[in-house]
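The structure appears right after this line, and notes come after that.
Only the coordinates and a few stated rules stand behind these numbers; no lab work does. Model, not experiment: these values are computed from the prediction. Ideal geometry is used to build each Cβ from the backbone, glycine not excepted, and the neighbour counts take in all protein chains shown.
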Amino acid sequence: MSNFLKTELELGHCLRLPAEGPCECDLYLTCAKFVTTPGYAPRLRARLEVEQQLVQDADERGWTREVERHTAVVRRLTGLLTDLGETTG
């Protein structure tokens, strides 16, 4: 795997080729080249909890687009944890 950047991200690793450049912001959550391992499960669960709180806050404020955005992140994090065989709550 030495031909990959193997950039460590908050919740896993990016396996992009050096010619592709670095990952940007939280886009890695939707990137096909993002991988994670059970070692990141505590961070994934913590981020899931934050995102769930942000969904609730945005909903209370009537911020529909923010609800949609954070809900999408919740789905992705839940999927990652499920793929790892980890619990989500």
For this session: Give the residues of segment 39-89 that are assigned to a helix (DSSP H, G or I) and either β-branched (Val, Ile, Thr) or touching a Phe, Trp or Tyr at 6+ places or on another chain (Cβ under 7 Å) (or both), sorted by residue number.
Result: Val50, Val55, Thr64, Val67, Thr71, Val73, Val74, Thr78, Thr82
Problem set entry | Looking only at segment 56-83, and only at residues there that are buried (at least 18 other Cβ atoms within 10 Å of the Cβ) and farther than 20 Å from Val35 by Cα, the one that is nearest to the chain's Cα centre (by Cα) | His70
